[in-house]
Amino acid sequence: MMRTRFFSFFPLLLTAALTSQAAAETQHDALNVQVDQYLSHQNQYGRFSGNILIAKENKLIYESSFGMADVKMKRPVTPDSLFKVGSLTQPLTAAAILRLHEQGKLNLDEPVSKYYPKLKKADNITIAMLLNHTSGLFRDNSWREYDSSCKSDQLIRNTINTSADYPPHLIFNYSNANYYLLGGIIEKVTQSTFEKFVTSEVLRPLGMKDSSLKLTLSFQLAKSYELSGLVDAYITPSGCAWAAGELITSARDLMTFSQALQNGELLSPASYTMMLTNEYGLFNEEIEGRQYYLHQGQIDGFKALFLQHPETKTTIVALSNLHNTNIDLLTVDLLRLVDGRDPLHTLKLPESKFATWRKDVDIIGNYLDNSGVPLQVVFEGGILKAKVNQFDIPLQIQSKNSLFALGIDNQIRIYRNENDTTKEIIFFSRDGRYLSRFTRI
């Protein structure tokens, strides 16, 4: 009787399971459409170019690529594209330190005077304080300080010689100097290089085959840009970001790293909890009422995001090769989309002032920069635009000789000939830095 009853209910159970699966697939398809629409919009207006991966319950629910990895070579971004991720190196450095702690080779509460006796206040600074940026070190080495390749001992020596005398453990103060010192501790404890240890203990065991802690000439490495594909970004000399920011990786490798942390494959559950609770390499931030653990990175025009929500095993990885990408706004919008809500930061185009200034402005036409990159200013669909590479950048006229590039937040100045016709247009960043000059042809 029991067997008969079981089989009589089996079709109903199967139908319910298939219905549930179909509903999940419909929801998944809807998410893909919504995220695609949002990111296509961001890419069109020069606000994003790169890779996005989203996982929930450790299952990949979204993956897509947008834009160009190399504009001049017309090489698109693909899932295999590599990106520099800057400070997003630090969660890996923190994980390496925690592995040494698990192996009994160092103690997080021991003073760093054991390793750096000449460092000011070293007796009062612990390894844990370096991990969560509460050491009191104010020396925040900028990648741009160096004009040639760097050695690790040089970075550590500069940190020790110039660090401010500030009481440790009072306030959080983000400083790359903390992670230079952590890189040095790893080398002292392991009698190996930082790169070799992290590669052997983190990257290779997890199968992060596309990741490297040294600059490579891989064809897969994307180029980065400061002005939506117009101006090649500054390149930090090899080794100068080191344990604080040297990682080159793919979105898929970072997803592997995230899932390894959450599944206990890299650290013990206790160490992972310690990492989150004490903000060792990942920061606890509240976004729209929910707690997340994340780290962002920025270097040489690249922008990067690594975000976790351990309760739902949700991970978002976003890698962009456009300096214009606003990673904070992108984070909020992606989280809203995952929750089934509308994004907040799509570009809203104002009514054009073009008609008012048409005779005075005289900027429609074709331009070239010094490297031969073409730019075309057009008036389409009631909007004044700068067309360059794959982007349509809306322009808002502020005065006869001043424009504003919407979305990428660049200021544009117009320079004129003696007869008052436009000769050149020059782009400046939001902080006033010169970016590029285009001459009318």
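Derivation of every value follows stated rules applied to the coordinates shown; laboratory data play no part. Since the structure is predicted, the reported quantities are computational estimates derived from the model, not experimental observations. Neighbour counts run over all protein chains shown; Cβ positions are idealised from the backbone, glycine included.
Taking a ≥ b ≥ c as the square roots of the eigenvalues of the Cα gyration tensor, an a/c ratio of 1.5 or more together with a/b larger than b/c marks the stretch 223-307 as prolate.
This model, with +1 at the C-beta of Lys and Arg and -1 at the C-beta of Asp and Glu, gives the stretch 33-93 a dipole about its Cα centre of some 200 debye. Between Ala270, Ala318, Ala304, the GNM of the chain built on Cα springs shorter than 10 angstrom shows Ala270 fluctuating the most. Loop-located chymotrypsin sites (Phe, Trp or Tyr not before Pro) in the stretch 362-441 (DSSP state other than H, G, I, E, B) with a sparse environment of at most 12 neighbouring Cβ atoms within 10 Å are absent. Considering only Leu119, Leu181, Tyr234, and ranking their Cα positions along the charge dipole of the chain that arises from unit charges at the beta-carbon of Lys, Arg, Asp and Glu, the one farthest toward the positive end is Tyr234. Based on Cα contacts under 8 Å between residues 6+ apart, the chain shows a relative contact order of 18 percent.
Working note: 222 nm ellipticity from helices only, DSSP H runs with n ≥ 4, each -39,500 (n - 2.57), summed and divided by the residues of the chain, gives -9500 deg cm²/dmol to the nearest 500. With the chain treated as a Gaussian network of Cα nodes joined by springs under 10 Å, which of Leu266, Leu329, Leu395 yields the largest mean-square fluctuation? Between Leu266, Leu329, Leu395, it is Leu329 that shows the largest mean-square fluctuation. Estimated at 0.36 nm per residue, the fully extended path between Ile327 and Glu110 surpasses their Cα-Cα distance by 74.6 nm.
Considering only Leu137, Leu215, Leu319, the Gaussian network model of the chain with Cα springs below 10 Å gives its largest mean-square fluctuation to Leu215. Restricting the GluC sites (Glu not before Pro) of the stretch 39-134 to loop positions (DSSP other than H, G, I, E, B) with no more than 13 neighbouring Cβ atoms within 10 Å leaves Glu57. Once Cα extents along the principal axes in Å is calculated for the structure shown, the corresponding label among [x] 131, 63, 60; [y] 63, 54, 43; [z] 81, 77, 40 turns out to be [z]. Sites listed here are trypsin sites (Lys or Arg not before Pro) in the stretch 28-96 whose DSSP assignment is loop and whose Cβ has at most 14 other Cβ atoms within 10 Å: Lys72, Lys74. The calculated FRET efficiency for the pair Thr346 and Glu288, based on their C-beta separation and a Förster distance of 22 Å, comes to about 0.85. The ranking of Ser429, Ser163, Ser148, Ser81 by Cβ neighbour count inside 10 Å, starting from the fewest, reads Ser148, Ser429, Ser163, Ser81.
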